[in-house]
Structure formats: C-alpha cells, structure tokens
There are 2 protein chains.
Amino acid sequence: MKKDDHKLKEYEHKFKEHKLTPQRKAILQVFLENHGGHLSAEEILKYAQEKNNDIGFATVYRALDLFEKLKIINRVNFGDGRSRYELVQREMKHHHHHLVCMNCQRIIEVMDSLLHELEENIEEEHNFSIYDHRLEFYGYCEDCQEGED
Amino acid sequence: MKKDDHKLKEYEHKFKEHKLTPQRKAILQVFLENHGGHLSAEEILKYAQEKNNDIGFATVYRALDLFEKLKIINRVNFGDGRSRYELVQREMKHHHHHLVCMNCQRIIEVMDSLLHELEENIEEEHNFSIYDHRLEFYGYCEDCQEGED
DNA sequence: GTCGCTGCAAAGCTTTTGCATTAGA
DNA sequence: TCTAATGCAAAAGCTTTGCAGCGAC
C-alpha cells in the first residue's frame, strides 16, 4: 500500500550502517500495518511471508534484535511464554501501558502521564535513574466482566 | 531454622486439598529464607536440594504452579527469558513494584500506593476491571549511574 | 572480492508431560 | 488402600547459532 510505503521512508535513515533488505522491509511493513499490535515472532513470520515467501525464522529473530537495537520496536512480555513486539510510537513513548484481559487475552492500550509523578518520586527516593518502564494491568475487559470467576 | 518453621505454619492451612510433602516444604522454605528474592526455577531447585536431595525439576515446576494457584507466590518476568518467583507478601499486595538495574541486574523493590489513583482512572475510563498489575522500571541504580552509556 | 545478510537445520534453554513408582492420609 | 505426588527422561515450545551460499556495493 502506498500509505505504508510512505511510512517506511521514515525509517530508512535508521538503516545507515545496516542494510534495509527485502526481508527486513517486509518485517517492518508488518509492523506498519499493525495487525492488532503486540505480535509474536510467529505471527510476524506469517505476515512477512505473505509479502516475501523467502524468509525464515532466523531472519525474523535477527531482524527483531536489530530493530530493537535501532529503537524501532519494543519487546514486551505478557507472561504467556513468548516475546511480543510493538512499534515504538514517539507520541506514546513513556506514556502507554497495557490492559491484558485475563479471559479473552485482548490487549488494550492506555495513554497515561500520571506515572510521571511516580517516576519522579522514585528517582529521588531511591536514587535510581529511570530509563524506561513496563506497566501492565491484568483484569477483565468490558465484554468479559460477567464471566469473571 | 526455628524461625522459618514458625513461618511455615502460616502456610499449612493453604494445603487442605493438597499435600504439604517434604519436597513442597523444602521449596516453600526456600522462599521463606528469601535468597535475594525473585528466584528462578533453577535457583529454587538448587536451594531446595540443599535441604532435600530427593527433588527434581519437574517437582519444582509443579510446586510453583501449585503455589501460584494457592496465591502463595507470584510469577514475575523481567524479560531475561525465564520466569522468576516471589513470595506474596500481604502488606505489599498491589503496592510493590520493581526497579531493574540495566547494568548490574540488581532488583530493588519499591512500595507505592500512588498507582491506585491511576487504576481508578482506568477502571472508569475503559470499563476494565483490574485484578492485578505488573510494574517494572528499567534504569540505573545508585552504584551504576556513572557507567551509564 | 568483500562483507553483511540469509535460509536451513541443529542446538540451546526453559518448561511441560508421560509413565512407572512411591508415599501420605 | 487409594490417590496424589514424585523422579526420570523424553518432548515441547521459543529462541539462538553454525555454516555455507547469496547478493549488494
């Protein structure tokens, strides 16, 4: 899609010392298309193969490592035994959390700036210099609150 | 140790429908002795074997599953590819987070009630019924701030 | 031609499972 | 006795690595 090609350009400058190969491009496009966000390596491979059949698991994992290093994506962990990956979104940086539904596994994103206050408290009280955080809330989403056991 | 034996008694009532076998007792004692907290399965096995040599990985994992179900321990994940486990501490419940030092991997616990306000906001705005949360801050601890790259 | 990137397959880790055996109540 | 719990070893994920081949510059 033209729209994603345009978005892709915004990332090209990050690949100065690394090649933006067809495989890497395909993987990046998967993120830009945002298939529900929070993709596992397996899902990323599946979608990337739809674009470029000549791609394997090793390449996906190696690309994910690279993208993480280039701060294009973030690795997140919802405790289901596999890593998941999401595009770093500038405007969300440091201000977005996850609501994980314990019934339907749906993941809802939440914007927040309130945490900033807490971070400042911590930096002061513990002399700990905060670089990033992970915050997930576990509970039941709108649709699942009746079945809550 | 006498002190831990006493602590152990506080957990016996949770084992009504499950047996508090010597193996499970050894594992529970490992948590009560709190070897730096946030133990991995491997560490738990190691310490438990010091008490009772007749214990294997399968038993550790099965006990950890059980303890989690009985709300004796919590499984936490710091993104290092293995699960870690910590004792549920009543007075800390819902109010403790982790500071993970990105240099020395040290983990510091932080008490907090500020997050409660944020939870209330979220429950209202997103109609999401919160049951638990995980919050980790990544950064550099007191001792590692100079080496910060 | 060089050097980075790739696929494939093998290996590595953590965790789970099958099964025969043991041991608690 | 009866069933839950255990150890061992095998298997099952997910992820990483070795290696030979490929491709861009």
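Among A:R75, A:R24, which is the only one that is over 25 Å from B:Y138 (Cβ atoms) and in contact with a Phe, Trp or Tyr (Cβ under 9 Å, 6 or more places away or on another chain)? Write out each step before concluding.
Working: A:R75 fails: over 25 Å from B:Y138 (Cβ atoms).
Every option except A:R24 fails the conditions.
A:R62 - would you say it is touching a helix residue (DSSP H, G or I) at 6+ places or on another chain (Cβ under 8 Å), open to solvent by 60 Å² or more (accessible area, probe 1.4 Å), farther than 19 Å from A:D112 by Cα and outside the structural domain of A:D112 (by TED's automatic domain parsing)?
The answer is no for A:R62.
Against the condition open to solvent by 10 Å² or more (accessible area, probe 1.4 Å) and either among the hydrophobic types (A, V, I, L, M, F, W, C) or modelled with pLDDT of 85 or more (or both), how does A:R75 come out, does it pass? Full working, then the answer.
Working: open to solvent by 10 Å² or more (accessible area, probe 1.4 Å): yes; either among the hydrophobic types (A, V, I, L, M, F, W, C) or modelled with pLDDT of 85 or more (or both): yes.
When the stated conditions are applied, A:R75 passes them.
Condition first: within 14 Å of chain A (Cβ to nearest Cβ) and more than 11 Å from DNA strand C (Cβ to nearest atom). Now tell me which residues in the stretch B:17-44 satisfy that.
Kept after step one, since they are within 14 Å of chain A (Cβ to nearest Cβ), are these residues of the stretch B:17-44: B:41.
Result: no residue meets the conditions.
Of the conditions (1) farther than 23 Å from B:G79 by Cβ; (2) within 13 Å of DNA strand C (Cβ to nearest atom); (3) open to solvent by less than 90 Å² (accessible area, probe 1.4 Å), B:D54 clears all except one; give me its number.
The number of the failed condition is (3).
Pick from the stretch B:94-128 the residues that are at the interface with chain A (Cβ under 7 Å from one of its Cβ atoms), over 17 Å from A:H98 (Cα atoms) and modelled with pLDDT of 75 or more: which of them is surrounded by the most Cβ atoms within 10 Å (Cβ to Cβ)?
B:L99
Can you tell me which of (1) at pLDDT 95 or above; (2) in contact with a strand residue (DSSP E or B) (Cβ under 8 Å, 6 or more places away or on another chain) is the one A:T59 doesn't meet?
Looking at each condition in turn, A:T59 falls short on (2).
Being charged (D, E, K, R) and away from DNA strand D (no atom under 14 Å from the Cβ) is the filter here; which residues of the stretch A:13-67 pass it? Full working, then the answer.
The first filter runs over the stretch A:13-67 and keeps only residues charged (D, E, K, R), leaving A:14, A:16-17, A:19, A:24-25, A:33, A:42-43, A:46, A:50-51, A:54, A:62, A:65.
Across the stretch A:13-67, the qualifying residues are A:K14, A:E33, A:E50, A:K51.
Determine the pairs where a residue that is within 7 Å of DNA strand C (Cβ to nearest atom), located within the stretch A:59-71, has a partner that is open to solvent by less than 80 Å² (accessible area, probe 1.4 Å) with Cβ atoms under 6 Å apart, the partner being 6 or more residues away or on another chain.
A:T59/A:Q23; A:A63/A:R24; A:A63/A:I27
The values are calculated or read from the model by the stated rules, or taken from the named source; none is laboratory data. The model shown is predicted, which means the values in this text are computed figures rather than measured ones. With ideal geometry, Cβ positions are generated from the backbone for all residues, glycine too; neighbour counts draw on all protein chains shown. Please note that ligands, DNA and RNA were not included when accessible areas were found on the heavy atoms of the full protein model with its side chains. Shrake-Rupley method; radii C 1.70, N 1.55, O 1.52, S 1.80 Å.
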